[in-house]
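*Asks:* My questions will all concern the structure given below.
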Amino acid sequence: MIEQLANTVSAGRRISAAEALELYRHAPTHLLGRLADGIRARKHPDRIVTYIIDRNVNYTNVCVARCNFCAFYRPVGSAEGYVLGFEEIFRKIDETIAVGGNQLLLQGGHNPDLPMAWYEDLFRAVKSRYPEFKLHALSPPEVLHISRINQIPVRDVIARLIAAGLDSIPGGGAEVLVDRVRKLLNCYGKASADEWLDVMRQAHRAGLRTTATMMYGTVETDEERIEHMMRLRDLQDETGGFTAFITWSYQPEHTERGGTEATGIDYLRTLALARIVLDNFDNLQASWVTQGGKVGQLSLAFGANDMGSVMIEENVVRAAGAAYCMDEVEIVMNVEDAGFIPKRRNMHYEILGDPIFRERDVPRMLALGRAREDGDTSVPEELSQYPARSRSGKQLRLAQ
Ligand code: SF4
């Protein structure tokens, strides 16, 4: 059976959910790797491994969703809650441009005190200062949150955000796209599986490209991991709007859920299976931020063709215990040592050039930036222009 399936995959034919489960459960790890690597080589015969220089900025940690796997959020009214000011965000963009970056990955909590106008004004302000700079922003649950609190249909939220400067949508907040799992993780309320997929459908129809993710290793079964991949594959058949798939394991430290982290082998098997199942996705990222540089490097033999983002700032998985950091020099070294050719890309996976540090002097980023320095509780001045919804938000704005 496994041999037959291996032949099916090697011949470039699509496999069913039942066949994927058989492979996942019973194929030896080296075989899964070989099959995934074969697909990677067919799709990317030039041995190029890409990466992007961008900055992962979390504009607020205040969140009403309270997912039980999340160590990042703070409840409304918490003294540790923050919203970044526009000037702070501009400073982060300046630092990103200085190291050769061209994009912000901008995501945050579901903060009830940020109305639609705050996002539009921010995007417009970024685009007027930095017209070429890209905004890869607001995962589907954030788009839904904005839609709900402003009572504006998702399609119109997306259209308004595009008009303000949104370039693409990151695939965060997918976790596992099965409602049984989402209910157990307390993330069904922020977005059901259908709602997450529908935001992406609407974004693709509006002409945006997006990524897709999976966070595995909590309560899901093997069948549910595969169901997640199948649902992504179906939507990709329908719209073709996904540029890439990224999977990482649940990071348990400091979370309400707790538990243990999946192993590196589990990661490599899951990645390889995704490469096999997601035959209509061109790009798979290696998640070295959660797995470390060495497993990240091994990912290139298990189906990945992209090293994701050169980390300049990270707040979310660091809050949950993952602390791996690589700058461009280290990413390039890992890619070359694995026998591949590193190239910089943009969000659309268009090649921008060779490593920037070989073209000009750039500061090395050996310490990761963070959203805010510890103990910084400053409230940005411009927030007082926007109406708050929560009682604590209203009080704070009155006090300004
Ligand atoms: S994962 Fe996102 S939506 Fe869920 S609690 Fe954390 S910040 Fe909020």
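*Asks:* Given the conditions (1) at pLDDT 95 or above; (2) over 17 Å from residue 73 (Cα atoms), report the number of the one that residue 110 does not fulfil.
*Replies:* So residue 110 meets the others, but not (2).
*Asks:* Here's a follow-up. Quick one: residue 103 ticks every box in (1) at negative phi; (2) surrounded by fewer than 18 Cβ atoms within 10 Å (Cβ to Cβ) bar one, so which box is it?
*Replies:* For residue 103, the failing item is (2).
*Asks:* So residue 304 clears everything in (1) in contact with an Asp or Glu (Cβ under 6 Å, 6 or more places away or on another chain); (2) open to solvent by less than 10 Å² (accessible area, probe 1.4 Å) except one condition, right? Which one?
*Replies:* (1)
*Asks:* Filter the range 165-184 down to the residues that are within 18 Å of the chain's Cα centre (by Cα) and aliphatic (A, V, I, L, M), then identify the one that is nearest to residue 212 (Cα to Cα). Can you show your working first?
*Replies:* Initially, the range 165-184 is screened for residues within 18 Å of the chain's Cα centre (by Cα), giving 166-177, 182.
Applying the additional criterion that residues be aliphatic (A, V, I, L, M) yields 166, 169, 174, 176-177.
Values: 166: 17, 169: 9, 174: 8, 176: 11, 177: 11 Å.
Selected residue: 174.
*Asks:* Same structure, new question: Which residues, taken from the range 7-48, are among the small types (Gly, Ala, Ser) and open to solvent by less than 10 Å² (accessible area, probe 1.4 Å)?
*Replies:* Initially, the range 7-48 is screened for residues among the small types (Gly, Ala, Ser), giving 10-12, 16-18, 20, 27, 33, 36, 38, 41.
Of everything in the range 7-48, those that are among the small types (Gly, Ala, Ser) and open to solvent by less than 10 Å² (accessible area, probe 1.4 Å) turn out to be 20, 27, 33, 36.
*Asks:* For the range 178-192, name all the residues that are within 15 Å of the ligand (Cβ to nearest atom) and either free of Cβ contacts under 8 Å to residues at least 60 places away in the same chain or open to solvent by 10 Å² or more (accessible area, probe 1.4 Å) (or both).
*Replies:* Start the filter on the range 178-192 by keeping residues that are within 15 Å of the ligand (Cβ to nearest atom), which leaves 181-192.
Answer for the range 178-192, where residues must be within 15 Å of the ligand (Cβ to nearest atom) and either free of Cβ contacts under 8 Å to residues at least 60 places away in the same chain or open to solvent by 10 Å² or more (accessible area, probe 1.4 Å) (or both): 181, 182, 183, 184, 186, 188, 189, 190, 191, 192.
*Asks:* Only one of these is basic (Lys, Arg), open to solvent by 50 Å² or more (accessible area, probe 1.4 Å) and in contact with a helix residue (DSSP H, G or I) (Cβ under 8 Å, 6 or more places away or on another chain): 209, 231. Name it.
*Replies:* Working: 209 fails: in contact with a helix residue (DSSP H, G or I) (Cβ under 8 Å, 6 or more places away or on another chain).
After ruling out the rest, the residue left standing is 231.
*Asks:* Kindly indicate which of 115, 141, 75, 131 is under 22 Å from the mean Cα position of the chain (by Cα) and either modelled with pLDDT of 95 or more or β-branched (Val, Ile, Thr) (or both).
*Replies:* Working: 115 fails: under 22 Å from the mean Cα position of the chain (by Cα); 75 fails: under 22 Å from the mean Cα position of the chain (by Cα); 131 fails: under 22 Å from the mean Cα position of the chain (by Cα).
Being under 22 Å from the mean Cα position of the chain (by Cα) and either modelled with pLDDT of 95 or more or β-branched (Val, Ile, Thr) (or both) holds for just one of 115, 141, 75, 131, which is 141.
*Asks:* Here's a check for you: in the range 78-91, which residue that is more than 15 Å from the ligand (Cβ to nearest atom) and touching a residue at least 24 places away in the same chain (Cβ under 8 Å) is surrounded by the fewest Cβ atoms within 10 Å (Cβ to Cβ)?
*Replies:* Of the residues in the range 78-91, the ones more than 15 Å from the ligand (Cβ to nearest atom) are 79, 85-91.
Retained after the next criterion (residues that are touching a residue at least 24 places away in the same chain (Cβ under 8 Å)): 79, 85-90.
Details: 79: 7, 85: 17, 86: 18, 87: 12, 88: 18, 89: 19, 90: 14.
So the residue we want is 79.
*Asks:* I need a count of the residues in the range 136-149 that are within 16 Å of the ligand (Cβ to nearest atom), open to solvent by less than 30 Å² (accessible area, probe 1.4 Å) and in contact (Cβ under 8 Å) with a residue 40 or more places away in the chain. Reasoning before the result, please.
*Replies:* The first filter runs over the range 136-149 and keeps only residues within 16 Å of the ligand (Cβ to nearest atom), leaving 137-149.
Subsequent filtering for residues that are open to solvent by less than 30 Å² (accessible area, probe 1.4 Å) retains 137-147.
Filter once more, so that each one left must be in contact (Cβ under 8 Å) with a residue 40 or more places away in the chain: 140-141, 143-145.
The total comes to 5.
*Asks:* Name the one entry in 158, 162, 152 that is open to solvent by less than 10 Å² (accessible area, probe 1.4 Å), more than 16 Å from the chain's Cα centre (by Cα), among the β-branched types (Val, Ile, Thr) and away from the ligand (no atom under 16 Å from the Cβ). Walk me through it before giving the result.
*Replies:* Numbers: 162 fails: open to solvent by less than 10 Å² (accessible area, probe 1.4 Å); 152 fails: open to solvent by less than 10 Å² (accessible area, probe 1.4 Å).
Being open to solvent by less than 10 Å² (accessible area, probe 1.4 Å), more than 16 Å from the chain's Cα centre (by Cα), among the β-branched types (Val, Ile, Thr) and away from the ligand (no atom under 16 Å from the Cβ) holds for just one of 158, 162, 152, which is 158.
*Asks:* Filter the range 108-127 down to residues that are of a type outside the set (A, V, I, L, M, F, W, C) and crowded, with 22+ Cβ neighbours inside 10 Å and give me whichever is farthest from the ligand (Cβ to nearest atom). Show your work before the answer.
*Replies:* First, pick out the residues of the range 108-127 that are of a type outside the set (A, V, I, L, M, F, W, C): 108-113, 115, 119-121, 124, 127.
Those left that are additionally crowded, with 22+ Cβ neighbours inside 10 Å: 108-111, 113, 119.
On the way: 108: 7, 109: 4, 110: 5, 111: 9, 113: 14, 119: 16 Å.
Result: 119.
*Asks:* Specify the residue that is nearest to the ligand (Cβ to nearest atom); the eligible residues are those in the range 49-71 that are surrounded by 22 or more Cβ atoms within 10 Å (Cβ to Cβ) and β-branched (Val, Ile, Thr).
*Replies:* 62
*Asks:* I've got another one for you. In the range 251-277, what count of residues is obtained for those that are surrounded by fewer than 22 Cβ atoms within 10 Å (Cβ to Cβ), outside any helix (DSSP H, G or I) and touching a residue at least 24 places away in the same chain (Cβ under 8 Å)?
*Replies:* The qualifying residues number 9.
*Asks:* Consider residue 301 against the criteria (1) among the small types (Gly, Ala, Ser); (2) touching a Gly at 6+ places or on another chain (Cβ under 8 Å); (3) closer than 24 Å to residue 369 by Cβ: it satisfies all of them except one. Which criterion is unmet?
*Replies:* (3)
The values are calculated or read from the model by the stated rules, or taken from the named source; none is laboratory data. All figures in this text were calculated on a predicted structure; none of them were measured in a lab. No Cβ is skipped: glycine too gets one built from the backbone with ideal geometry, and neighbour counts run over all protein chains shown. Note: areas computed on protein heavy atoms with side chains; ligands, DNA, RNA excluded. Shrake-Rupley method; radii C 1.70, N 1.55, O 1.52, S 1.80 Å.
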